[in-house]
Amino acid sequence: MYIATVSATAETSNPEKEVQPGLELLEPIMQKFISISNLLVPNEDGSKSQIFVSRSYDATNHFETECEDITDLYRRITGAELHFRGAQRHQSHSSDVD
């Protein structure tokens with residue numbers, strides 16, 4: 001048994017039909033959930049209001065654009081670029097197992 005996602009940015013009034021070829025590759029499907037949502041972006045960058053809003057999630061399922069959004073939010077809030085070089089992993093538990 002597997003869990004899979006099929007996603008796309010809707011370009012027609014029938015988004016479920018748009019992803020149908022991907023769904024057919026996964027058959028037989030035991031259970032399917034369809035979710036359609038608008039892609040939203042902030043009205044302004046937050047520099048004046050000091051209210052920093054992220055974009056909504058897009059059709060990618062590997063979180064690349066969400067990571068880009070986080071680094072953009074960090075830059076807008078702090079005025080500096082976010083760098084992960086030399087970052088240390090936080091140990092939130094006492095176990096040696098990751």
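The values are calculated or read from the model by the stated rules, or taken from the named source; none is laboratory data. Since the model is a prediction, treat every value here as computed from it, not as a measurement. Neighbour counts are summed over all protein chains in view; Cβ atoms, including those assigned to glycine, are modelled from backbone coordinates with ideal geometry.
Computed quantities for the displayed model
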{"quantity": "Residue within segment 40-49 that is exposed (fewer than 13 other Cβ atoms within 10 Å of the Cβ), out of contact with any Pro (no Cβ under 8 Å at 6 or more places or on another chain), hydroxyl-bearing (Ser, Thr, Tyr) and modelled with pLDDT of 85 or more present", "calculated": "yes"}
{"quantity": "Residues satisfying the stated conditions in segment 1-18, i.e. of a type in the set (A, V, I, L, M, F, W, C) and farther than 17 Å from His62 by Cα", "calculated": "Met1, Ala10"}
{"quantity": "Residue satisfying all of: in segment 62-98; part of a loop (DSSP other than H, G, I, E, B) and either of a type in the set (Val, Ile, Thr) or surrounded by 10 or more Cβ atoms within 10 Å (Cβ to Cβ) (or both); modelled with the lowest pLDDT among these", "calculated": "Val97"}
{"quantity": "Which numbered condition Ala59 misses (of (1) loosely packed, with under 12 Cβ neighbours inside 10 Å; (2) at pLDDT below 90)", "calculated": "(1)"}
{"quantity": "Residue in segment 24-39 that is out of contact with any Pro (no Cβ under 6 Å at 6 or more places or on another chain), modelled with pLDDT under 90, within 18 Å of Ile70 (Cβ to Cβ) and not basic (Lys, Arg) present", "calculated": "yes"}
